[in-house]
Amino acid sequence: MKARLQKRLLIVLALLIIVILLAYHFSYPIKLNWATLPDDIADYYSQYHHDQPNPSIALYSGVEIGRKAYYLIGIGEDLGAVTLEKGITGRYKFTHLSYGSGNFLDGIIEDNGRKYVLFGGRDSTAQISRITARIGGQSYELTLPNESEHFLLYTEINSQVEDAHVDRNYLAFYNKNGEDITNHYLLSGGGI
């Protein structure tokens, strides 16, 4: 009798573990795939914007830092960013989506006690080659591997910085010849 009860308890425990694992697995439904990610983003967007089903999503650039993946996207004419978090099964779930009519997005994120500045944007003339920003009194440089109409860059910054965004008053863009071209751009935008 005791052995039969123990066997039933083990079976119930095993089924419970399987249900928990399946629930966890399905709470991270996204398998990162460049070809299918725009559709996944459109589905996520549509959950919150019922009046605009199936938006046109363009995927421009992405970076992974720790257990999070950040992507620069286009939603129609708007520029946006989406953040996904990686689960222990290697799959992802959406944690943030933002977009607007501005040209640049930025944010300061933390991962395991280290801080990074993310800076993304659209440069319709593809002239930006290098970006400098002052954060917490220190200057940081972001270099584009090649001029592009859309970009998402990051660099590690001082972990003591308390800022959440780049101060646009201390932002400068340079072309491949080293010329300051900041005045050619409207620095509007939002956060990542």
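Within segment 1-60, take every residue that is in contact with a Pro (Cβ under 9 Å, 6 or more places away or on another chain) and either of a type in the set (A, V, I, L, M, F, W, C) or exposed (fewer than 14 other Cβ atoms within 10 Å of the Cβ) (or both) and give me the one that is modelled with the lowest pLDDT. Even if it seems obvious, please write down each step before you answer.
Start the filter on segment 1-60 by keeping residues that are in contact with a Pro (Cβ under 9 Å, 6 or more places away or on another chain), which leaves 40-42, 45-46, 49, 56-59.
Going one step further and asking which of them are either of a type in the set (A, V, I, L, M, F, W, C) or exposed (fewer than 14 other Cβ atoms within 10 Å of the Cβ) (or both), we end up with 41-42, 49, 56-59.
Details: I41: 94, A42: 92, H49: 77, S56: 89, I57: 94, A58: 96, L59: 96.
Among those residues, the one meeting the criterion is H49.
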Fill in the blank from the handout: (1) at pLDDT 90 or above; (2) within 19 Å of S101 (Cβ to Cβ) all hold for F173 apart from (2)
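Considering segment 145-155 alone, what residues qualify as being over 15 Å from D106 (Cβ atoms) and either within 20 Å of the chain's Cα centre (by Cα) or basic (K, R) (or both)? Steps first, answer last, please.
Filtering segment 145-155 for residues over 15 Å from D106 (Cβ atoms) gives 145-149.
Passing the criteria: P145, S148, E149.
Take F151 and tell me if it is surrounded by 15 or more Cβ atoms within 10 Å (Cβ to Cβ), at pLDDT 95 or above and under 30 Å from D43 (Cα atoms).
It is true that F151 is surrounded by 15 or more Cβ atoms within 10 Å (Cβ to Cβ), at pLDDT 95 or above and under 30 Å from D43 (Cα atoms).
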Practice task
Scan R91, R130, R67, R114 and give me the residue that is at pLDDT below 95 and of a type in the set (K, R).
Solution key: R91
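Can you pull out the strands (runs of 3 or more DSSP E) entirely within segment 46-144 that have at least 1 residues that are within 12 Å of the chain's Cα centre (by Cα) and within 25 Å of D167 (Cβ to Cβ)? Quick ask: steps written out before the conclusion?
Numbers: elements: 57-65, 68-75, 78-86, 92-100, 104-111, 114-122, 130-135, 138-143.
Output list reads 57-65, 68-75, 78-86, 92-100, 104-111, 114-122.
Can you find a residue in segment 168-189 that is closer than 16 Å to L72 by Cα, in contact with a strand residue (DSSP E or B) (Cβ under 6 Å, 6 or more places away or on another chain) and not in a loop (DSSP other than H, G, I, E, B)?
Step one: filter segment 168-189 for residues closer than 16 Å to L72 by Cα, giving 188-189.
Still in the running and in contact with a strand residue (DSSP E or B) (Cβ under 6 Å, 6 or more places away or on another chain): 189.
Narrowing further to those that are not in a loop (DSSP other than H, G, I, E, B): 189.
The answer is yes; a qualifying residue exists.
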Completion exercise
Scanning segment 85-104 for residues that are touching a Gly at 6+ places or on another chain (Cβ under 9 Å) and under 27 Å from L21 (Cα atoms), the one surrounded by the fewest Cβ atoms within 10 Å (Cβ to Cβ) turns out to be K93
Fill in the blank from the handout: When restricted to S148, S159, the only residue closer than 24 Å to A58 by Cα, in a loop (DSSP other than H, G, I, E, B) and touching an Asp or Glu at 6+ places or on another chain (Cβ under 9 Å) is S148
Practice task
Tell me, please, whether a residue that is free of Cβ contacts under 8 Å to residues at least 60 places away in the same chain and charged (D, E, K, R) can be found in segment 100-107.
Solution key: no
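The values are calculated or read from the model by the stated rules, or taken from the named source; none is laboratory data. Just so it is clear, the structure is predicted and the values come from calculations on it, not from any experiment. In this analysis, Cβ positions are derived from the backbone assuming ideal geometry, glycine residues included, and neighbour counts consider all displayed protein chains.
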